[in-house]
Structure formats: C-alpha cells, structure tokens
2 protein chains.
Amino acid sequence: MYSIAIHGGAGTIDKSLMTSEREKAYKLALQTSIQKGEEILKKGGSAIDAVAAAVCELENQPLFNAGKGSVFNAAGKNEMDASIMDGNRMLAGAVAGIWGIKNPVLLAKEVMLNSEHVLMMGKGAIEFAKQQKFELLPDDYFFVEARYIQLLQAKKAGVMQLDHADHKNKKGTVGAVAKDIHGNIAAATSTGGMTNKKFGRVGDTPIIGSGCYANNNTCAISCTGHGEFFMRQVVAYDISCLMEYKNLSLEDACNEVVKNKLVKTGGEGGLIGVNRKGDICFSFNSPGMYRAMIKENEELFIGIF
Amino acid sequence: MYSIAIHGGAGTIDKSLMTSEREKAYKLALQTSIQKGEEILKKGGSAIDAVAAAVCELENQPLFNAGKGSVFNAAGKNEMDASIMDGNRMLAGAVAGIWGIKNPVLLAKEVMLNSEHVLMMGKGAIEFAKQQKFELLPDDYFFVEARYIQLLQAKKAGVMQLDHADHKNKKGTVGAVAKDIHGNIAAATSTGGMTNKKFGRVGDTPIIGSGCYANNNTCAISCTGHGEFFMRQVVAYDISCLMEYKNLSLEDACNEVVKNKLVKTGGEGGLIGVNRKGDICFSFNSPGMYRAMIKENEELFIGIF
C-alpha cells in the first residue's frame, strides 16, 4: 500500500476572501501536484522520488510560495530554501538562500545523492548546481505580479512578514510526505521564505530536524509555519522522538507538538506526516492549511480550512 | 552551584605528534578560556553570558578552528558558523557562512537577542552585524600560517577535509555549556568548518538541534565532529529527547548517542553536556577531544585524550 500527502502552506486563510474561482484554482493545483507524486508510487517508484515530484509541481505553480511564486526579499530578489530526507537510508540534503533554480527541491536531492554534504548555501550552492548541470533561470521566470505587490505593501508598512501573515495571499511553504509500496518513507519541503526578509534570514525549511525529517522507524514530516518557532522547538524531529521514545502514535505525536507545544509558545503553523504503515496525519493550529492526500485505492482528499 | 565545560574539538589527536610544548599551549588556552566563563558565573552572571565569554576566548586563540584560527575554504577565505541557545527562555541565535567578525558567537547572540530570527547567513548576516555596530575585520586578522599550509596540502591532495582529519593539526569546532547559580543552562558552538570546503557547505554548528541545543528541563549540549552525521541524526536534540521522553540520565543519553548511534553510522566526534543539576558529561568516540571543566569549589579538569 502506498500513500502520499502534500501541503501548500498553513496560515490565516480568510474564508470571506476566498472566491469560488480562487478555491478552484488552489484545489486544481493541489490535485495536479499530488497526482505527480502518486504516478511514481503507482508504478512502484520510491517515496523519495514521489515527494520530489510532488514538490516540483508545487514549486512550478505560482499560487504557492516556493519556486515560481516565491515571495520577494527586501532586495527585490527571490531567495529560496529546500530540503529532502530519505527515511530508508537516513540520507538528507538541503539548500538555503539560493536563486535561479527552477526546482530547489531537486537541488536539495542532488546535494543528498551526489555530494558529501547535507546543507549548502548561497553562491556556493549555485556553483554546485552549475557543476551538476542545473539550468540557471533569469529572475523574470520567478516574477509573479501578486508577489511583487505584496513586497511593495510590506515595504510600505515597514514589516518583514511571513507570507501567510498577509491578509490577501495566505500561503507559506510547500511540502510532501510519502510511503511507497516497498515500505520506505520520505519527506520534502520548499519555500520562498518571508516577504521583505532581510539579513539572509533562513527559516526552518532547510533545517533537517526542524522543517523536514524522515526515518523509516518512525515518521516522515514536512512543516509549514512561523519558522523561528519550528527551529527552536526542533519540530519535525520532536515528533519522531515522541513516537520512538514515548510510543505515541503518529497522530498523537503530531497533535502534541502542533496543538500543545507550539501553541504554548505562539508558534503558528502546521505539518503533514506519514508513518511506515502509510497512515497520514494533517495537524495545524492556524485557521487553514492547503493540503491533499491520497492512499492506494482510496479517494483523493483535498482541504483548505 | 555553578559549573562550566568547554571543548576545542574532537578527532584523531596523535599522541606521538603531541610534544610537551604543544600540549602545554593547548592546556593553557583551554584554561584561559574556561576561566573567562567561570569569572562570570562566580559573580552570579548568567549561563548564556558565561558560554559566550568562554567561546569568545576559544575563538581568539589561533590554536582552535574558530574565529582567529579558522581553517581556509577552497577560495582561500575563512568562512565561519556559530550558534547559541538559552535554556531558560528557550531562545536561540545562529549565523552561517560569515566572515570578518572577530567573535561569531557574539553575532549569534545578537541574532538571538536583537532580531526576530534564529538563523542568518552570508552577506545578509554581515549587513545585520554592521547595523548592530559590529566591527568588520580585514582578512589578515584571521590569517594563521599553519591553517594556510593545511589548505595548500588539502588542495594538493584534492580533498575537502574536516580539520580534525588532518594528521598534523587535529581540532575542529569549539564550544561551551554552563549552568549558573540561578539554575539556568546554556550552550554555544563556533567553527571555521572544513579546510578546502566548497559550495557554501554548512555543517552542524549553526543548526539548533544538531550542533547546539539548550533546555532548562533537560540539558545544554555543544557538539564537535563530522557535521553531516550530527545533522542527519539531530544529535543535540536527540540527547534532550532521550532525557525528557525516556528518562535517561545526561551521561546515559550522551553515551547512547555518541558511543552507540553515531558509531553505528560512522559519525566521528563528541560533545559536552550539562544538566540543571550542574552535572557535566564529556562523550566522544574519537581518540581525543580537547576539553576542560570546572565546578564551583572544585578543581579545574583539563583533558586531551
């Protein structure tokens, strides 16, 4: 049995601003993305390939804050982070503060598979990408007008904001978790970070243990939310530890972290998880999280609120 | 009761190459550094200030791979990472891929105390440093001839090496953990990374949960070793979870992670830890780790092998 879940960010999604047209567009984007992952699992492909494929599609959709559709930093640039982890071999790869790469999750996968390292950042990561024959796209590929308006608004208000704190376009990170028919699990996460961010700020997305984690013995987790809280609380690995050391179920562990520990500190956000049985868990303490899941021979689920 | 411990890196420290003169120099540097931290604790200062002071002094000593004494990357630059965490307020700060800053640990502390963020990288982190009135030092402050020879040797051999994998100068990261008389604990870690490193590689040092973690309820941990293994295994937070969720003692938790879990994957290195009672634990699976500890009214301990 295979299963896969994806998210397109958690936050204050205002129902009154969600026209049926917008809702339809989001649901279609989520459906297209999860199907890309499912296709791989259906053919007996690996969880790691499935999460990468689903996240690629989310990165390609301008509706979400990752890849094309990434928010702008204070310098008017799109600066992206991504990570991936294979719960079978316990390998991980991540990139932080990169630009010009269509699919940051594939560069994270390249770091995992074809370097000795786990995390590469900035210009150095781009040099690695070039060496590995990744195409470097011009800035205009990433330009999405709605994002630029968000930047202008944020600058005017003098705030550095989480994408999902914006009251018109509320969506943050994207991610996927999957279990393949061979019993292996994997997770991947990708983001454009915060609108108007300065100072080379890096959130939880490229941090193994915080924004992404996978271990066949416990769970695969992909997070979205106010990154600083997820980093201080090492959220993704905390769920794994609650399962491994306290024998909590996936659902209980996710809810303990998201609906108790994060709420206590004020850390808004959510996550998706899968265990080796293929159970899926969605957990979020924000009003909404763009999400979808599908299990072998079951119907597709898509949710926003 | 206060206590403090420091490390100056773990690795293959060859006894036969350790002249009594060299050994004396290392021991003096360790003693000077731990005393800087102890002075603060003795006066009733905080654990967070004590670990920062001790790590500053280790960064100022050219014998260790952090601050002055940092190894050179492939481009012939000193690129540094640091992190700090306050187990009382559960705040954390970190910087990755920075240069020109005399004491990276103080910049990490600045991120923790005077920004909304946990991690800043590269040029952006330097911009933040300038805004916060940190002095930017010229490259030659960081130039240490022995390090440059290491780079030339590494380039000749075509290897990117962990500092402590070098057979002449074996020392990696530096760090400190402390418990103050108010019952609070803290940890800090700082490094120059790997000799001849490329691609903006970032190791475990600036990763909260991997190279550094602190929580008054469990422990404060600072790691040193082959960073990629410490990142995949989320080492520092794993120890905290083993204490919190499995009720292991500090010593048992450290040894389970360092001498069992890391050994199984081939992850060489070690760490120092303190709990809220002020117990200190040194744990390493390498032949040596430069280290020192002192507890209130007890004698200073210094060890290398």
Exercise. Kindly list, by first and then second residue, each pair from a residue in the stretch A:61-77 that is within 24 Å of residue A:6 (Cβ to Cβ) to a residue that is of a type in the set (Asp, Glu), limited to pairs with Cβ atoms under 8 Å and residues at least 6 apart or on different chains.
Key: A:65/A:163; A:66/A:59; A:67/A:59; A:68/A:59; A:69/A:59; A:70/A:79; A:71/A:163
Quiz item: Which residues, counting only those in the stretch B:201-233, are more than 7 Å from chain A (Cβ to nearest Cβ), among the β-branched types (Val, Ile, Thr) and over 13 Å from the mean Cα position of the chain (by Cα)?
Solution: B:218
Exercise. Could you check, for the stretch B:240-262, whether at least one of its residues is under 21 Å from residue B:189 (Cβ atoms), out of contact with any strand residue (DSSP E or B) (no Cβ under 7 Å at 6 or more places or on another chain) and of a type in the set (Val, Ile, Thr)?
Key: yes
Quiz item: In the stretch B:70-103, which residues are surrounded by fewer than 24 Cβ atoms within 10 Å (Cβ to Cβ) and in a strand (DSSP E or B)?
Solution: B:91
Quiz item: Which residue out of A:39, A:59, A:23 is acidic (Asp, Glu) and touching a strand residue (DSSP E or B) at 6+ places or on another chain (Cβ under 9 Å)?
Solution: A:59
Self-check item: Output for the stretch A:90-111, where each listed residue is more than 10 Å from every other protein chain (Cβ to nearest Cβ) and among the hydrophobic types (A, V, I, L, M, F, W, C)
Solution: A:99, A:101, A:105, A:106, A:107, A:108
Self-check item: Set A:270, A:266: member being surrounded by fewer than 24 Cβ atoms within 10 Å (Cβ to Cβ) and either among the aliphatic types (A, V, I, L, M) or touching a helix residue (DSSP H, G or I) at 6+ places or on another chain (Cβ under 9 Å) (or both)
Solution: A:266
Practice problem: Kindly indicate the residue of the stretch B:112-150 that is of a type outside the set (Val, Ile, Thr), within 13 Å of another protein chain (Cβ to nearest Cβ) and in a loop (DSSP other than H, G, I, E, B) and also surrounded by the most Cβ atoms within 10 Å (Cβ to Cβ) among those meeting that condition. | Solution: B:117
Quiz item: In the stretch B:179-194, is there at least one residue being surrounded by fewer than 24 Cβ atoms within 10 Å (Cβ to Cβ), among the aliphatic types (A, V, I, L, M) and either over 20 Å from residue B:11 (Cβ atoms) or within 12 Å of another protein chain (Cβ to nearest Cβ) (or both)?
Solution: yes
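If a residue must be within 9 Å of another protein chain (Cβ to nearest Cβ) and touching a helix residue (DSSP H, G or I) at 6+ places or on another chain (Cβ under 6 Å), how many such residues does the stretch B:238-247 contain?
The qualifying residues number 5.
From B:198, B:259, which residue is charged (D, E, K, R), open to solvent by 10 Å² or more (accessible area, probe 1.4 Å) and more than 8 Å from chain A (Cβ to nearest Cβ)? Talk me through it step by step, then tell me what you get.
Working: B:198 fails: more than 8 Å from chain A (Cβ to nearest Cβ).
Just one listed residue meets the conditions, B:259.
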Practice problem: Go through the residues of the stretch B:51-61 one by one and say whether even a single one is under 23 Å from residue B:218 (Cα atoms) and surrounded by fewer than 21 Cβ atoms within 10 Å (Cβ to Cβ). | Solution: no
Quiz item: What is the residue count in the stretch B:5-59 for residues that are out of contact with any helix residue (DSSP H, G or I) (no Cβ under 7 Å at 6 or more places or on another chain) and either more than 23 Å from residue B:274 (Cβ to Cβ) or of a type in the set (A, V, I, L, M, F, W, C) (or both)?
Solution: 19
Quiz item: How do the pairs read when you match residues in the stretch A:7-18 that are part of a helix (DSSP H, G or I) with residues anywhere that are loosely packed, with under 15 Cβ neighbours inside 10 Å, using Cβ under 8 Å and keeping only pairs 6 or more apart or on different chains?
Solution: A:15/A:305; A:17/A:167; A:17/A:168
Quiz item: Within the stretch A:26-47, how many residues are within 16 Å of residue A:288 (Cα to Cα) and over 16 Å from the mean Cα position of the chain (by Cα)?
Solution: 1
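The values are calculated or read from the model by the stated rules, or taken from the named source; none is laboratory data. Quick caveat, the model's predicted, so the values are computed rather than measured. Positions of Cβ are generated from backbone atoms using ideal geometry, with glycine treated the same way; all protein chains shown enter the neighbour counts. The accessibility values were calculated without ligands, DNA or RNA, using every heavy atom of the protein model including side chains. Shrake-Rupley method; radii C 1.70, N 1.55, O 1.52, S 1.80 Å.
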